[in-house]
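Chemist: Following this message is one structure expressed as structure tokens.
The values are calculated or read from the model by the stated rules, or taken from the named source; none is laboratory data. Keep in mind that what you see is a predicted model, and the values were worked out from it rather than measured. Note that we place each Cβ from the backbone using ideal geometry, even for glycine, and neighbour counts take in every protein chain shown. Heavy atoms of the whole protein, side chains included, go into the accessibility calculation; ligands, DNA and RNA do not. Shrake-Rupley method; radii C 1.70, N 1.55, O 1.52, S 1.80 Å.
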Amino acid sequence: MPGRKTLPGKRWKNSGVAATDAVIKLLQPGDEIVAGNDLYGGTYRLFTKVFEKFGLKFHYVDMSDAGNVRSHINKNTKLIWAETPTNPLINITDIAAMAAIAKEHKLLLCVDNTFASPYLQNPLDLGADIVMHSSTKYLGGHSDVIQGALAMNDAALREKLYFLQKSCGAVPGPMDCFLVLRGIKTLHVRMQRHCENGEKMAHYLRNHSKVGKVYWCGFEDHPGYHVAKKQMRGFGGMISFTLKDESEQAARKLMSSTKLFSLAESLGGVESLINHPASMTHASIPREERIKNGLTDSLIRLSVGIEDAEDLIADIEQALNI
Ligand SMILES: Cc1ncc(COP(=O)(O)O)c(C=O)c1O
């Protein structure tokens, strides 16, 4: 917007992936990164298919145990990349614990905060150096824009990222900026409803006889529940689940039978979406790697929107009964 200054400490990028790309370009060949083993498929693809060939080394670890992160740090390590809650298995990483490790070893900590949004979680306050958002999702909120954002408290870091942004061309268009700025005005009310609907849907699924595992960080027996409760203001509207019939065919049948939930890759919009991570958002992760980390062929992911919760539950119910 002409005549307007960008907020200090924020850089808007032209996609979430472009924002991630800029963070990794802070590094040099030979540098090492410790990242979570359950990441958005496009992040994993960027790391493995693009940056590995430029001499960067990534270690993918289960970040629910800080010891796993510590044991992969060596003199070349420069960055910890944490996504929490993760896409699609809703794993939780303790951001303050990661920040303590990063400070001790003089590393950068970048948190992908896409699933939580700034309404539910503020990683900078917990000690992270950079927060990355796919603003395509909850910030925009209407599935009509692709954009990313980086937030940081450090002016020098901001300058480095700004230099990378303009040098590499990750510049968002004015219409996209307008859409995200407009979306942010309703973020708080949308997130409240996403959380309410997410909770209802998670409990409905858990009590259904045809449903197998349900992944949602608001369950008290979720391994990350206490950390999520400490660092988040709500548990969000992202849920993954499997069916008792663990065949991919059964999952596909359900996904093609919903009427309110549209089958699509994105998430975080007002309208509910259903997704098959194995063939859609996470198809770029080799099957063996996916399965090893718990992302099965039959996993279904829901982005629970802000429609009437009873309508959404009725839609899943009829699809489960087909
Ligand atoms: C957790 C997470 N991070 C990053 C991205 C990438 O964002 P974008 O689609 O804006 O490039 C996504 C997209 O689905 C995501 O789910």
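Chemist: Using only Cα atoms, locate the centre of the stretch 113-154 and the centre of the stretch 29-57, then give the distance between them in Å, rounded to an integer.
Modeler: Their Cα centres are 20 Å away from one another.
Chemist: Here's something else I'd like to know. Give the aspartates and glutamates whose C-alpha is closer than 17 Å to that of K75, dropping any in the same chain fewer than 8 places away, or say none.
Modeler: D31, E32, E104
Chemist: Roughly speaking, what % of Cα-Cα pairs in the chain are separated by over 31 Å, rounded to a whole number?
Modeler: Working: 14297 of 51681 pairs.
Beyond 31 Å sits 28 percent of the P(r) for the chain.
Chemist: Checking the table K10/K292; K137/K166; K53/K166 against a 31 Å threshold on Cα-Cα, which pairs fail?
Modeler: Violating the 31 Å limit, Cα to Cα: K10/K292.
Chemist: Based solely on its DSSP helices, what 222 nm [θ] is calculated for the chain when runs of n ≥ 4 H residues each add -39,500 (n - 2.57) and the sum is averaged over all residues, nearest 500 deg cm²/dmol? Walk me through the numbers on the way to the answer.
Modeler: Details: 12 runs with 111 residues, N = 322.
Calculated mean residue ellipticity at 222 nm is -10000 deg cm²/dmol.
Chemist: Which of E265, E220, E196 ends up with the largest GNM mean-square fluctuation for the chain, with Cα atoms connected below 10 Å?
Modeler: Of E265, E220, E196, the Gaussian network model singles out E220 as fluctuating most.
Chemist: Further question on the same structure: Could you tell me how far the Cα centroid of the stretch 297-322 sits from the Cα centroid of the stretch 192-218, in Å?
Modeler: Spelled out, the Cα-based centre of one part sits 10 Å from the other.
Chemist: Starting from the amide H of G212, placed 1.01 Å from N in the peptide plane, find each other amide H under 5 Å away whose residue is 5 or more places distant or on another chain.
Modeler: Sorted by chain and number, the residues that satisfy this are T242, L243, K244.
Chemist: Follow-up question, since we're still on this one. Given an 8 Å cut-off on Cα distances and at least 6 residues of separation, report the relative contact order of the stretch 1-141 as a percent.
Modeler: Numbers: 215 pairs, mean separation 32.4, N = 141.
It rounds to 23 percent for the stretch 1-141.
Chemist: Taking the chain as a Gaussian network, where each spring joins two C-alpha atoms under 10 Å apart, which residue of V304, V189, V180 fluctuates the most?
Modeler: V189
Chemist: Quick check: at a probe of 1.4 Å, how many percent of the accessible area of the stretch 238-322 sits on carbon and sulfur atoms?
Modeler: After summing per-atom areas, the C and S share lands at 51 percent.
Chemist: So, one more: Determine, for each peptide in 49-62, 72-85, the mean count of other beta carbons within 10 angstrom over its residues, then list the peptides with the highest first.
Modeler: Working: 49-62: 15.1, 72-85: 20.1.
Result, highest mean first: 72-85, 49-62.
Chemist: At R0 = 25 Å, how high is the FRET efficiency between K244 and D65 if r is their beta carbon distance? Nearest 0.05 is fine. Please list the in-between numbers first.
Modeler: Working: r = 29 Å, r/R0 = 1.17.
For K244 and D65, the calculated efficiency is 0.30.
Chemist: Same structure again: Gain in length, F54 to I322, computed as 0.36 nm per residue apart minus the alpha-carbon separation, to one decimal in nm?
Modeler: On the way: separation 268, 0.36 × 268 = 96.48 nm, distance 4.92 nm.
Going from the current span to full extension adds 91.6 nm.
Chemist: Could you give the accessible area per residue of the chain, probe 1.4 Å, as a whole number in Å²? Mind showing how you got there, number by number?
Modeler: On the way: 14270 Å² over 322 residues.
I get 44 Å² per residue for the chain.
Chemist: Something else about it: How much length would be gained if the chain were fully extended between D154 and E307, taking 0.36 nm per residue of separation minus their Cα-Cα distance, in nm to one decimal?
Modeler: Numbers: separation 153, 0.36 × 153 = 55.08 nm, distance 3.91 nm.
So the chain would gain 51.2 nm between D154 and E307.
Chemist: Picking from D176, D38, D311, which is most flexible by a Gaussian network model of the chain using Cα springs under 10 Å?
Modeler: The residue with the greatest mean-square fluctuation here is D311.
Chemist: Using a probe of 1.4 angstrom, how much of the accessible area of the stretch 43-186 is carbon and sulfur, in percent? Working shown, then result.
Modeler: On the way: 3510 of 6120 Å².
Here carbon and sulfur together make up 57 percent of the probe-accessible area.
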